[in-house]
Protein chains: 2
Amino acid sequence: MEHQVIFQPSGRRGRVKAGTTILEASRELGVEIESVCGAAKVCGKCVVKIETGYFEKFGIDSKTEHLSGLQEEEKEFLSPADVADNQRLACVAEINGDVLVFVPEESRGAKQVVLETGKERVFDLNPALQKYYVELEAATLEDHRGDLERLREALHQKYDLSDALAIDFYLLRDLPKIIRAGEWKVTVTIWDDREIVQVEPGLSENLYGLAVDVGTTTVAAYLCNLKTGATVMVDSMMNPQVRFGEDVLSRITYAMMNEDGLDKMHHAIIDGINTLAQRMTEKAGLVTADILEVTLVFNTAMHHIALNIEPKFVGRSPFAPGIKSSLDIKARDLGIRVNKAANVHALPVEAGFVGPDNVGVLIAEEPYKQREEIRLIIDIGTNGEIDLGNQDRMLCTSCATGPALEGAQIKFGMRAAPGAIEKVRVDHETLKVSYKVIGSEQWFPELKKTEARGICGSGIIDAIAEMFKAGIIEPSGRINMKLDSPRVRKGEDNKRPEFVLAWAGETSIGKDITITQGDVRAVQLAKAALYVGAKYLMEKLGVDKVDSVTLAGAFGNYIDRESAMVIGMFPDCDLTRVVAVGNAAGDGAKLALLNKNKRVEARQVAQMAEFVETAIEPDFQSRFVAAMGFPHSKDRFPHIQHILDGVKRPGKK
Amino acid sequence: MEHQVIFQPSGRRGRVKAGTTILEASRELGVEIESVCGAAKVCGKCVVKIETGYFEKFGIDSKTEHLSGLQEEEKEFLSPADVADNQRLACVAEINGDVLVFVPEESRGAKQVVLETGKERVFDLNPALQKYYVELEAATLEDHRGDLERLREALHQKYDLSDALAIDFYLLRDLPKIIRAGEWKVTVTIWDDREIVQVEPGLSENLYGLAVDVGTTTVAAYLCNLKTGATVMVDSMMNPQVRFGEDVLSRITYAMMNEDGLDKMHHAIIDGINTLAQRMTEKAGLVTADILEVTLVFNTAMHHIALNIEPKFVGRSPFAPGIKSSLDIKARDLGIRVNKAANVHALPVEAGFVGPDNVGVLIAEEPYKQREEIRLIIDIGTNGEIDLGNQDRMLCTSCATGPALEGAQIKFGMRAAPGAIEKVRVDHETLKVSYKVIGSEQWFPELKKTEARGICGSGIIDAIAEMFKAGIIEPSGRINMKLDSPRVRKGEDNKRPEFVLAWAGETSIGKDITITQGDVRAVQLAKAALYVGAKYLMEKLGVDKVDSVTLAGAFGNYIDRESAMVIGMFPDCDLTRVVAVGNAAGDGAKLALLNKNKRVEARQVAQMAEFVETAIEPDFQSRFVAAMGFPHSKDRFPHIQHILDGVKRPGKK
């Protein structure tokens, strides 16, 4: 038995089996609905609205009774008014008759805006691919060597390369034609001094590669010219796996709960990379076959899922990965459609939850080359990674920050996309808010009406730091309900405190955008995790202060470093020594593409870095609680003491 | 515009585009029609008959006018009576309307009977695949090594294997599951001491491989147990490429004349190998994934075509192959459906027309281990290969014998399949013929009526040797028309002499089966080529006699060695030192599968063997002409002089 389902505003429609949930139907029909928890019914992000009645235009009679009944889990997220408005959670409601489903803007997926310029980095251009031009002796009846043997011997004579070089099997198939098309003059591309991967007639200098940072949320790709070291083009897309769950654990769960779940997620990301490779080469006037190598970074779970390696055991204690070493895989074996002979290099894993992306951060930042200064590097993502040390010793850990700092699990949270409030200032006296929305250069209230529809990570950090400085949030994190301002109020649904950041009339969604008490708690959990992680590493290393702090992450250089320190995201440090470097993991992928010695460094640092398991420390819980306060219940922050001194406190005048 | 075409007796039917030849239509519809020349219109083997009229059963109105007009080329092969009988060449006649085509038995493909037991050979069992059982330490929070690293270290400790073993990427994907299914106890299969290709839970001793001899006409496959060295099963099939041309040159031509010709032929043979692998493992109670390695031999052109390597330049002077070295290819890259991680090992090429099959013959026969005796090895196929020498020096050459010795290009020639006359005796006085047909143990005339429908290679050699001994053929090769026997007569078509081997009433085709003057000439050309080739090698090596002769070939041990020497197929030798060893090339493939040292030997002998180009010698033509006589115009054959003395000669009493 099948029923018709139509999604609005996209207009996508189709027939699905009875019993299919609306979320499953959206996936089948290619409609993107947010699903942070991967249909575990715990995030409440997939709210949709059922339009009822007979729609002549579509020939559909849509009724709420065509869905399975309201479940307890939905009442956690839907107020009685929402229910009366025919709202449902897409992951719960099952389709048992024709329905017309409206996906509100907050529930829709949106194209990610990604940092496309990071820190300027100087590096040696020394790719794994090298080109060699040779002129061969033509075959004769007396000299009936094979074409490959003729090529090998010429390369050996002219360039002292091995006379037993391997050749990619697909390339070998065309070798006789290519050699003769070049009239015995060819340019040979050799990978890693051991395999012939391209032979072109005559002289050619084309040499391109692709570096890809597969983030949990965003995929960033860099098309590089390996002859010049130039980045020809940068592009990005939302990770297509997002529709299977927004964080790594929900994706691992999806893989475990669905027989073809791993396969589906694997293909989704490979398709995504193929889309990027296709559109970038096209824009650059190239073809995908021009890409001769691809480097990849990702966290450990994403590494396994992208490569279609069983991820189940990465997600459960003792968190042993399937492989830690770097991998060289034929692109064709992965399904990546670039040159058939191309290699895909996946950087190595460090430990269970510390993946190739952190290795990427390390080879980009090179803290292991630092002589004396102690560097603290924080890579902020759904999973946070922290590195501490210098050439003598490198410690690393990961912390479950949750997606709050990326704008998820926040009532009006959203990814850093157009419409997101990204910067916030609160007047200490009037509590009036000014803010800036992604997609516009002007601030509110300079701009009377904005496109605001939510708040992204940097906006949340700013908002909470500003609310704390203005006394709206107490050091404990509690919202001070005694303040005389209409912006501080009790929420409609659950009567818990909230602060109005933007009034309905200023926004594009016609609703007040607020920071709730729950949002503050989520940020407290995230920042406490990072802070405690950093402190454990400092103690393990035997230092009581760090000389510099580096904030990395796809959105890392939008972060206001003062706001970050004010909320206590990391231990005290000279503010001038706090730098945001953008997507250092992506830079690491690019460096590994452009300089093969970086792959050796990656292997070395992956082995050198000592993983510190913090969650099993006996005092973890008490430290964590202490770190929840703003900026911290006990620890002091001498470098921002002047700011903290100016904070309005209840009881202070 | 499309027309309906129906083939009888198979009943296959379908619609084809106007202008399609009957032969092309037969390929599209999966009907096998003989085509020795690959539709070059020169062999006349693809005769079909058009049935005319309205056939109610099929709803088809078949007319000869529905085909393109008779061409000059067809008149070469069709008598006026044949034309009146609506016979056409399938490669010429184009379909321009509905037709019902009858494929006469002589024109049909037939399942090949292949030698399934060769010489007994003793070898060391030492395959490239080895199994290792290990028990791993379980992962803990303190020991969070990756699964692969854990496995590598255990193998290194227990078996002193490299601690950086590669692993097949497809296997890696399932490694975490397999290891845990075995509760950290696994059996690991390692290929060539360098790549992990299989991991099984617990203890396993299964280890299988497949050796395949891809002959121009026949594909023979051997399923071997690599733990015991036993041949579990032997199977064979006609090479599915036969429908694109029966000899290598017509296939190379097909590849050159058709844009997707190479691809089609490549896929045809790969499909064939897959069919063999599937049905053999099924019969043996295994699955295809149990096959972990495949070894392949073939001639150079078949090597290129099977591997989808551009074959054009192998077929034209200076005959340089694309590659001579042996190749290790992932089965999945070739499209061979065995274990995904399996390796395919293709033996090396020696020279342009001396391919891996001859290398297979050499590593099976090991003439390079012979101390003093000089061995002559003749591998008879559509292309003949000759090797001569001992441990000091090995010479080799190839000769274009043509397919006559395999039963093609012979008026009633056919492959060694049921219905083929394979042994012949002619009474010297009465000229009565007795013969044996494949598929029956009894001889004619003991058996009054036979299933005879043609003559295969060994039958032709026997027939011509017997006709020569009975004086029916003169030493020049001319059929003696002065003999008083109804069996010696002028042919109906071209009035040229022929000898009736079997009368119509004895056969299954209702026609006299004859040896024509043209057939005798074809055999003379073939045997002269082999003889001259052997003599050149002897001169080049500086010997005037050989100590032994080895006859190899898929049909090599059916050959009557006395008949072969009587017609002068090779220089004089003690008849007791002439041996037929069957499919030595296939044995070589099997040995390379079972003993990896044989691959080293193969590489060495491919380099050691000196290729002698005979066709460019200035006296080639005169030698060739002299070798056309029976047994030879000049050279003497002391070891069979007693037989030659008994030959009836015109003018002798």
- Taking a straight Cα-to-Cα line shorter than 16 Å from A:Lys41, and setting aside same-chain aspartates and glutamates fewer than 8 residues away, one finds A:Glu24, A:Glu72, A:Glu73, A:Glu74, A:Glu76, A:Glu94, A:Glu246, A:Asp247
- Message: Rounded to the nearest 5, what % of DSSP beta bridges with both residues in the protein assembly as shown are antiparallel?
- Response: 70
- Query: What relative contact order, as a whole-number percentage, does the stretch A:433-575 give when Cα pairs under 8 Å and 6 or more residues apart are counted?
  - Reply: 23
- Item | Surface per residue (accessible, 1.4 Å probe) for the stretch B:155-208, Å² | 44
- Task: Check each residue of the stretch B:167-184 and keep those whose accessible area, probe 1.4 Å, is at least 10 Å² smaller with all protein chains in place than in the chain alone; give them in order of residue number.
- Result: B:Phe169, B:Tyr170, B:Leu172, B:Arg173, B:Pro176, B:Lys177, B:Arg180
- Query: What average count of beta carbons from other chains do you get within 10 Å of the Cβ of residues in B:140-151?
  - Reply: 6
- Under Karplus coefficients 6.51, -1.76 and 1.60, residue-wise ³J(HN,Hα) of the stretch B:210-219 in Hz, glycine/proline x: 10, 9, 10, 9, 8, x, 4, 10, 10, 10
- Message: If I take R0 = 51 Å and measure r between the Cβ atoms of B:Leu125 and A:Lys185 in this structure, what FRET efficiency does the formula 1/(1 + (r/R0)^6) give, to the nearest 0.05?
- Response: 0.60
- Distance between the stretch A:272-298 and the stretch B:558-636 - C-alpha centres, whole angstrom: 54
- In square angstrom, rounded to the nearest 10, how much accessible surface does B:Tyr54 have for a 1.4 Å probe? 140
- Find every distance from the label point of A:Asp143 to the corresponding label point in the other copies (7 Å from Cα along Cα→Cβ) and write them in nm, one decimal, shortest first. 5.9
- Message: Using only DSSP helix segments of four residues or longer, with each worth -39500 (n - 2.57), what per-residue ellipticity at 222 nm results for the protein assembly as shown after dividing by its residue count and rounding to 500?
- Response: -8000 deg cm²/dmol
- Task: Between the label point of A:Met608 and that of the same position in each other copy, find the distances and list them shortest first in nm, with every label point placed 7 Å from Cα along the Cα-to-C-beta direction.
- Result: 5.2
- Query: Considering only the label points, 7 Å along Cα→Cβ from Cα, what distances in nm to one decimal separate B:Lys511 from the same position in each other copy, shortest first?
  - Reply: 8.7
- Query: So what is the relative contact order for the stretch B:495-653, in percent, with contacts set as C-alpha pairs under 8 Å and at least six apart?
  - Reply: 23
- Item | Under-5 Å amide H pairs with A:Met233, H placed in peptide plane, nonlocal only | A:Leu223
- Message: Only bridges whose two residues both fall in chain B count here: according to DSSP, what percent of them are antiparallel, nearest 5?
- Response: 70
- Inter-part distance where the stretch B:130-198 and the stretch A:125-190 are each reduced to a Cα centre, Å: 37
- Quick one: which residues, 5+ away or cross-chain, put their amide H under 5 Å from the amide H of A:Asp512? H built at 1.01 Å from N. A:Ala504
- Item | Unsatisfied cross-links (Cα-Cα over 20 Å) in the set A:Lys449/A:Lys648; A:Lys283/A:Lys330; A:Lys432/A:Lys648 | A:Lys449/A:Lys648; A:Lys283/A:Lys330
- Give a residue-ordered list of calculated ³J(HN,Hα) values for the stretch B:488-505 (Karplus: 6.51 cos²θ - 1.76 cosθ + 1.60, θ = phi - 60°; whole Hz; x for Gly, Pro). 9, 7, 9, x, 5, 6, 10, 6, 8, x, 7, 10, 7, 7, 9, 7, 3, x
- Query: Normalised by the number of residues in chain B, what is the relative contact order in percent for Cα pairs under 8 Å and 6+ residues apart?
  - Reply: 12
- Got a sec? Which residues of the stretch B:298-318 lose 40 Å² or more of accessible surface with every protein chain in place, vs. that chain alone, 1.4 Å probe? B:Ile309, B:Glu310, B:Phe313, B:Pro318
- Item | Threshold 10 Å², the stretch B:616-642 residues less accessible with all protein chains present than alone (1.4 Å probe) | B:Ile616
- Which distance in nm do the two modelled labels at B:Arg194 and B:Ala138 give, with both placed 7 Å along the Cα-to-Cβ direction? 3.7
- Query: Roughly how many Å² is the accessible area per residue of the stretch A:39-92, as a whole number, for a 1.4 Å probe?
  - Reply: 53
- Message: Number of Lys pairs in the stretch B:63-199 with C-alpha atoms less than 16 angstrom apart, excluding same-chain neighbours closer than eight positions?
- Response: 4
- Query: Using protein heavy atoms only (no ligands, DNA or RNA), what is the total accessible area buried between B and A, 1.4 Å probe, nearest 100 Å²?
  - Reply: 3700
- Query: If ligands, DNA and RNA are left out, what is the accessible area of A:Val212 with a 1.4 Å probe, given in Å² to the nearest 10?
  - Reply: 0
- Note on the structure: For the stretch A:265-366, the accessible surface attributable to carbon and sulfur atoms (probe 1.4 angstrom, ligands and nucleic acids excluded) amounts in percent to 47
- Ignoring ligands, DNA and RNA, what percent of the 1.4 Å accessible area of the stretch B:601-653 is carbon and sulfur? 53
- Note on the structure: For the stretch B:533-546, in residue order, the Karplus 3J(HN,Hα) values (coefficients 6.51, -1.76, 1.60; θ = phi - 60°; whole Hz; Gly and Pro = x) are x, 5, 5, 4, 4, 4, 5, 4, 7, x, 10, 10, 8, 10
- Task: Specify the inter-centroid distance of the stretch A:469-531 and the stretch A:11-64, based on alpha-carbon positions, in whole Å.
- Result: 31
- Would you mind working out the accessible area per residue for the stretch A:240-393, using a 1.4 Å probe, and quoting it in Å²? 30
- Sequence-distant or interchain residues sharing an amide H contact under 5 Å with B:Gly146, placed H: which? A:Lys324
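The values are calculated or read from the model by the stated rules, or taken from the named source; none is laboratory data. Quick caveat: nothing in here was measured; it's all calculated off a predicted structure. A quick note on method: Cβ atoms are made from the backbone with ideal geometry, for glycine too, and the neighbour counts reach across all protein chains shown. Protein only, heavy atoms only, side chains kept; ligands, DNA and RNA dropped before computing areas. Shrake-Rupley method; radii C 1.70, N 1.55, O 1.52, S 1.80 Å.
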